[in-house]
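Let me begin by presenting the structure, written as structure tokens, before commenting on it.
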Amino acid sequence: MKGARPVRSMRVLGKGSSSSTRLRVVDGFYPQFKELRSFFETVMGDPRGADPRRFCWDLWNVPNQYRLLRTPAYLFFPKPIYEPFHQRLALWGREVLGCHDLSPPWLSAYVDGCEQQFHADLPHGPWAFVYSLTPWKKSGSGMPPFKGGETLLLREEILQFWEQKALGDETGLEESQVLERIPPYLDRLTVFDPRIPHGVSRVEGPQSVLEARLVIHGWFVNPRPFIQGKLKERTLSSAIDQLLGSLDRLLQDPKWSGARLQGMLSLRFLVGELGQVVAPEVLVSSLRAPARWPQLPERVSTHLVSRLSELSFGAGAQGSKVTLPILFG
């Protein structure tokens with residue numbers, strides 16, 4: 001099938017169906033977040049201190065585009081504190097996205113005047129992540145510690161503005177209808193399609209990194225099937241060939257002639273007592289199609305889930321759980 005391949009080596013925000021799950025936000029992501037935050041405060045808490053780790057920050061300043069303090073997260077934190085977080089994040093990526101690794105994450109601090117103007121990240125990885133260690137709790141009546149600092153994404157409606165806006169429609173737009181704003185609440189993980197134009201709103205207020213927008217961020221990489229259980233890779237590989245063959249036949253329909261999909265679709269299924277597929281579902285999808293074929297991403301998602309439900313792997317694979325990523329384009 002042209003353009004599609006498996007790689008064999010929470011909460012959803014914004015509008016969209018299962019074929020356009022462009023943004024996931026997970027609150028309360030890491031139970032040991034206090035260990036990361038406490039170590040940061042210990043190192044950076046005394047402005048007269050001389051701990052060498054205080055001197056690791058790079059002021060990344062690209063005029064009119066990026067301004068922030070950054071350092072490699074895995075070098076700032078001691079391994080016993082950082083490694084459990086990294087493993088938790090990597091496992092989440094395997095189970096939910098089918099991505100087996102992370103790009104080397106950054107630890108970034110946004111004090112007064114720091115920001116990221118709109119941009120898109122290619123080709124770092126199929127999904128970007130931002131994990132917040134900012135001292136800003138979601139619950140409670142306290143005021144935010146600063147103004148700004150939200151992750152900004154263009155809304156789906158804006159990305160498809162002229163395709164969706166009817167001729168003669170004279171209704172206006174305001175910022176909340178153009179941008180999605182995700183506050184950096186403490187212990188919040190935000191995951192999104194990095195092809196979407198995105199940025200960080202300008203931070204106003206904090207002079208100290210202790211009060212700054214503090215995040216660990218990077219990209220999920222290396223997508224390939226993730227198997228939990230006794231299902232053999234070669235057995236799954238054969239099933240994938242059947243699945244993609246059926247999708248190839250679907251796309252040969254003349255009504256999809258010339259259509260080209262781009263993005264990534266991740267499916268999950270269980271293997272039942274007799275080897276049958278149980279509870280197939282779309283976990284995430286960043287599939288995009290030209291405006292001429294707006295229904296194609298949804299049609300492909302529905303087709304793959306339906307064909308998955310027809311597969312069987314034998315009783316020896318009972319109890320297995322599989323996350324299957326498929327790349328298009």
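Rundown of residues vs (1) in the same structural domain as Thr42 (by TED's automatic domain parsing); (2) farther than 20 Å from Thr302 by Cβ, yes/no style:
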residue: Ile216; (1), (2): yes, yes
residue: Thr235; (1), (2): no, yes
residue: Ser246; (1), (2): no, no
residue: Leu251; (1), (2): no, no
residue: Trp256; (1), (2): no, no
residue: Gln262; (1), (2): no, no
residue: Ser266; (1), (2): no, no
residue: Ala279; (1), (2): no, no
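Residue-wise test of (1) of a type in the set (A, V, I, L, M, F, W, C); (2) closer than 27 Å to Lys230 by Cα; (3) surrounded by fewer than 18 Cβ atoms within 10 Å (Cβ to Cβ).
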| position | (1), (2), (3) |
| --- | --- |
| Met264 | yes, yes, no |
| Glu273 | no, yes, yes |
| Pro280 | no, yes, no |
| Gln295 | no, no, yes |
| Leu304 | yes, yes, no |
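Does Asp58 satisfy being in contact with a strand residue (DSSP E or B) (Cβ under 7 Å, 6 or more places away or on another chain), surrounded by 12 or more Cβ atoms within 10 Å (Cβ to Cβ) and closer than 22 Å to Ala128 by Cβ?
yes
Here is a check on your reading of the model: is His100 in the same structural domain as Gln207 (by TED's automatic domain parsing), more than 29 Å from Arg181 (Cβ to Cβ) and either touching a strand residue (DSSP E or B) at 6+ places or on another chain (Cβ under 9 Å) or surrounded by 15 or more Cβ atoms within 10 Å (Cβ to Cβ) (or both)?
So His100 fits the description; yes.
Which of (1) at pLDDT 95 or above; (2) closer than 30 Å to Ile81 by Cβ does Ser208 not meet, given it meets every other one?
Answer for Ser208: the failing condition is (1).
Can we say Leu97 is in contact with a Gly (Cβ under 7 Å, 6 or more places away or on another chain) and modelled with pLDDT of 85 or more?
Here the answer is no, as Leu97 does not meet what is asked.
Condition first: farther than 22 Å from Ser38 by Cα and touching a strand residue (DSSP E or B) at 6+ places or on another chain (Cβ under 6 Å). Can you find one or more residues in the stretch 133-149 that meet it?
Within the stretch 133-149, one or more residues are farther than 22 Å from Ser38 by Cα and touching a strand residue (DSSP E or B) at 6+ places or on another chain (Cβ under 6 Å).
Regarding the stretch 86-100, can at least one residue be identified that is in a loop (DSSP other than H, G, I, E, B) and either closer than 30 Å to Arg268 by Cα or out of contact with any helix residue (DSSP H, G or I) (no Cβ under 9 Å at 6 or more places or on another chain) (or both)?
yes
Return only the number of the condition from (1) in contact with a helix residue (DSSP H, G or I) (Cβ under 8 Å, 6 or more places away or on another chain); (2) of a type outside the set (Ser, Thr, Tyr); (3) surrounded by fewer than 17 Cβ atoms within 10 Å (Cβ to Cβ); (4) not in a helix (DSSP H, G or I) that Phe269 does not satisfy.
Going through (1) in contact with a helix residue (DSSP H, G or I) (Cβ under 8 Å, 6 or more places away or on another chain); (2) of a type outside the set (Ser, Thr, Tyr); (3) surrounded by fewer than 17 Cβ atoms within 10 Å (Cβ to Cβ); (4) not in a helix (DSSP H, G or I) one by one, Phe269 breaks only (3).
In the stretch 106-131, which residues are touching a His at 6+ places or on another chain (Cβ under 9 Å) and either assigned to a loop (DSSP other than H, G, I, E, B) or over 13 Å from Val221 (Cα atoms) (or both)?
If the condition is that a residue be touching a His at 6+ places or on another chain (Cβ under 9 Å) and either assigned to a loop (DSSP other than H, G, I, E, B) or over 13 Å from Val221 (Cα atoms) (or both), then Trp106, Leu107, Ser108, Gln116, Phe118, His119, Ala120, Asp121, Val130, Tyr131 are the ones that fit.
Could you say which residue among Val130, Val62, Val111 is in contact with a Pro (Cβ under 8 Å, 6 or more places away or on another chain), over 23 Å from Arg22 (Cβ atoms) and not aromatic (Phe, Trp, Tyr)?
Only one candidate passes the filter, namely Val111.
Quick one: which residue in Ser103, Ser108, Ser139, Ser132 is among the polar types (S, T, N, Q) and modelled with pLDDT under 95?
Working: Ser103 fails: modelled with pLDDT under 95; Ser108 fails: modelled with pLDDT under 95; Ser132 fails: modelled with pLDDT under 95.
Criteria check complete, one pass: Ser139.
For Leu89, are the conditions met, namely being surrounded by 11 or more Cβ atoms within 10 Å (Cβ to Cβ), of a type in the set (A, V, I, L, M) and under 18 Å from His217 (Cα atoms)? I'd like the intermediate steps shown before the answer.
On the way: surrounded by 11 or more Cβ atoms within 10 Å (Cβ to Cβ): yes; of a type in the set (A, V, I, L, M): yes; under 18 Å from His217 (Cα atoms): yes.
So Leu89 fits the description; yes.
Do we find a residue being of a type in the set (Ser, Thr, Tyr) and over 21 Å from Leu311 (Cβ atoms) anywhere in the stretch 265-282?
Within the stretch 265-282, not a single residue is of a type in the set (Ser, Thr, Tyr) and over 21 Å from Leu311 (Cβ atoms).
So is Ala259 more than 30 Å from Leu23 (Cβ to Cβ), modelled with pLDDT under 90 and surrounded by fewer than 20 Cβ atoms within 10 Å (Cβ to Cβ) or not? Please lay out each step first, then the result.
Details: more than 30 Å from Leu23 (Cβ to Cβ): no; modelled with pLDDT under 90: yes; surrounded by fewer than 20 Cβ atoms within 10 Å (Cβ to Cβ): yes.
Considered against the rule, which asks whether it is more than 30 Å from Leu23 (Cβ to Cβ), modelled with pLDDT under 90 and surrounded by fewer than 20 Cβ atoms within 10 Å (Cβ to Cβ), Ala259 comes out as no.
Being aliphatic (A, V, I, L, M) and under 19 Å from Asp253 (Cβ atoms) is the filter; apply it to the stretch 274-325 and report the residue that is modelled with the lowest pLDDT.
Taking the stretch 274-325 as the starting set, the residues that turn out to be aliphatic (A, V, I, L, M) are 274, 277-279, 282-284, 287, 289, 291, 296, 300, 304-305, 308, 311, 315, 317, 322, 324.
When the remaining residues are screened for being under 19 Å from Asp253 (Cβ atoms), the result is 287, 289, 291, 296, 300, 304-305.
Details: Leu287: 91, Ala289: 87, Ala291: 79, Leu296: 92, Val300: 94, Leu304: 95, Val305: 95.
Ranking the candidates gives Ala291 first.
The values are calculated or read from the model by the stated rules, or taken from the named source; none is laboratory data. Quick caveat: nothing in here was measured; it's all calculated off a predicted structure. Reconstructed Cβ throughout: ideal geometry from the backbone, glycine too, with neighbour counts over all protein chains shown.
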